[in-house]
Amino acid sequence: MPQLHIPLDLLMYCTSLAAVAMMAAAAVLEAGRKRFDLFGMVVVALAAALGGGSLRDLLLDRPVFWIADQTYSIVALGAALFTFFLARVFSLPARLFLIPDALGLALFTVTGTKAALAWDAPWLVASFMGVITGVVGGILRDVLCNEEPLVFQGTLYATASWLGALVLLAMLELEINPSIAAVTGGSLVFLLRLAAIRWEISLPYFTTKE
Amino acid sequence: MPQLHIPLDLLMYCTSLAAVAMMAAAAVLEAGRKRFDLFGMVVVALAAALGGGSLRDLLLDRPVFWIADQTYSIVALGAALFTFFLARVFSLPARLFLIPDALGLALFTVTGTKAALAWDAPWLVASFMGVITGVVGGILRDVLCNEEPLVFQGTLYATASWLGALVLLAMLELEINPSIAAVTGGSLVFLLRLAAIRWEISLPYFTTKE
Amino acid sequence: MPQLHIPLDLLMYCTSLAAVAMMAAAAVLEAGRKRFDLFGMVVVALAAALGGGSLRDLLLDRPVFWIADQTYSIVALGAALFTFFLARVFSLPARLFLIPDALGLALFTVTGTKAALAWDAPWLVASFMGVITGVVGGILRDVLCNEEPLVFQGTLYATASWLGALVLLAMLELEINPSIAAVTGGSLVFLLRLAAIRWEISLPYFTTKE
């Protein structure tokens, strides 16, 4: 019954588009507090929205997703401009970009892990690909905005992404319905990340002896 | 009449080589004001000359241009050494590197856009590839020299490259002679960039409300 | 007699694994003096151990080595955790990481150069690939640790790697036994690098006239 697979593929496609839109929006909200011209802001948004998936596709030797399908760059541009005009009209709190950023992280972790699996990557590599897809766009954004990357600020970020990817992989291994597995893994990333921001949860710090 | 195509291909090949030489020269002029040893300078020149085209080729899944053809790295090395000895003999103004940088930007925008088109990329992606080819080498150079990248300094840079790429694409779409289109697009980038430096033209800055 | 090739291939495979382990260990020793959580430390170790070879494989359009074979990431993780617990128990001098770093540089230079040759790269490109494989992991590590990259600190680093790669290539060209050539090239990199650290040997600095 191949038609059963169509909704899932469509779900993954829409999830990717939503992740792209979220990361573009988060980038504009962060870049908007800096002195960028409109074009510079668009560059930051595109790098944030398309960077992680590009690195994943390069490493897996897949066709790069936004080159094969122009829809992604159009959605990224649209989300960036929409967010920009929204932020010009309404006064938004400075930390608001953390919400779309966490959503983008969660959605990209799921699509990155599943894309790697579909490409026959072994499970450990697939979990790394989920993290790379989720994390690299945000690193590019923060570096271009000259901010310390969120991923290195201590509150669970890459860790949340990795846990979500591992849970997703375990559920797929246990042959649980892929849609349920995807929603569970993604929700875990999003909720862990929000909880980490809210209560400043972090892994313990370790330093080597000197 | 295939011989009509040879001059154009040859023109593109020479344009690529000239772009590589310009970016290598600009890199040496910038790195020369820092404390680099000779080898470090060569590394910066190679990264600047070959970086943008490498990223374009990786994203398009083309063979990387300087690996397929050793001529590019030899030209980059030659231009770097020539510029270095020139700069040791003559006293050159500090901002001189902006000229070969602008030329390299213009030439790489043209060859990057055309290479993407030849690889059947859709037009929006092709224009991005022109910008990536033109801009990434300079970003690598500035990062390695620990300078704020020119592309983020406000005066038209990536914007000039993108406009040139779009004009080139529009002229090709209108079936104007490809050589004329290439020269027009490239000149536009170069002149826009020089004008932006001379009169400090920039896009308006936007910031989001807080 | 194909069985004669097995030891050499095996030697190269073990050399790659050793290089990965060394770079992971050096990264933990450097990151351990910063405020990283355990996961952040693992990310830095993986980036250092797998970064250079990944860029080489991307540029050569080979399958990325640690995706094709999960052993590499497991060895990198193992070496990182082992080094971490060692450094928690014993007090290690701060500059100790320079030793595994130099070893990793030497081993990666050899495997990077040979991998490029096996992929039919011309010799100049093969020597660049040796340098990229050896140097890029350390650059990623230093950037993630917010330290000035060793490669730009003046004492022979990329230069040592390049000289070793060129000697290796010359010996292979002269049809000297490949194992001897590999050991000689690698030892040269390692000893040059250690000597450069010990006696602060550097190439002369050049600056252009102003």
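Data overview
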{"item": "Flag if B:Val125 is within 13 Å of another protein chain (Cβ to nearest Cβ) and within 14 Å of B:Ala21 (Cα to Cα)", "result": "no"}
{"item": "Residue list for the stretch A:43-56, restricted to those being within 22 Å of B:Leu117 (Cβ to Cβ) and more than 9 Å from every other protein chain (Cβ to nearest Cβ)", "result": "A:Leu50"}
{"item": "Residue count for the stretch C:64-80, restricted to those that are under 13 Å from C:Ala49 (Cβ atoms) and out of contact with any helix residue (DSSP H, G or I) (no Cβ under 8 Å at 6 or more places or on another chain)", "result": "0"}
{"item": "Selection within the stretch A:87-118 - within 14 Å of chain B (Cβ to nearest Cβ) and farther than 14 Å from A:Ala21 by Cα", "result": "A:Ala87, A:Arg88, A:Val89, A:Phe90, A:Ser91, A:Leu92, A:Pro93, A:Ala94, A:Arg95, A:Leu96"}
{"item": "Filtered residues of the stretch C:39-69 (kept if charged (D, E, K, R), crowded, with 23+ Cβ neighbours inside 10 Å and either out of contact with any Gly (no Cβ under 8 Å at 6 or more places or on another chain) or within 30 Å of A:Leu203 (Cα to Cα) (or both))", "result": "C:Asp57"}
{"item": "Neighbours by Cβ (under 6 Å, 6+ apart or cross-chain): first from the stretch B:82-101, among the small types (Gly, Ala, Ser); second outside any helix (DSSP H, G or I)", "result": "B:Ala87/B:Gly32; B:Ala87/C:Thr208; B:Ser91/C:Lys209"}
{"item": "Enumeration of residues in the stretch A:24-42 that are of a type in the set (A, V, I, L, M) and under 30 Å from A:Ala126 (Cβ atoms)", "result": "A:Ala24, A:Ala25, A:Ala26, A:Ala27"}
{"item": "The one condition in (1) in contact with a Lys or Arg (Cβ under 7 Å, 6 or more places away or on another chain); (2) within 11 Å of chain A (Cβ to nearest Cβ) that C:Gln70 fails to fulfil", "result": "(1)"}
{"item": "Matching residues in the stretch A:12-38 - criterion: being surrounded by fewer than 19 Cβ atoms within 10 Å (Cβ to Cβ) and at pLDDT below 80", "result": "A:Arg33, A:Lys34, A:Arg35, A:Leu38"}
{"item": "Residues that are small (Gly, Ala, Ser) and over 8 Å from the mean Cα position of the chain (by Cα), drawn from the stretch A:88-137", "result": "A:Ser91, A:Ala94, A:Gly112, A:Ala115, A:Ala116, A:Ala118, A:Ala121, A:Ala126, A:Ser127, A:Gly130"}
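Table: residues versus (1) surrounded by fewer than 21 Cβ atoms within 10 Å (Cβ to Cβ); (2) under 30 Å from B:Lys34 (Cα atoms).
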site: B:Ala102; (1), (2): no, yes
site: B:Thr109; (1), (2): no, yes
site: B:Ala118; (1), (2): yes, no
site: B:Pro122; (1), (2): yes, no
site: B:Ile132; (1), (2): no, yes
site: B:Pro149; (1), (2): yes, yes
site: B:Ser179; (1), (2): yes, no
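The values are calculated or read from the model by the stated rules, or taken from the named source; none is laboratory data. Note that the structure is a prediction, hence the values are computed from the model and not measured. Cβ: placed from backbone, ideal geometry, glycine included. Neighbour counts: every protein chain shown.
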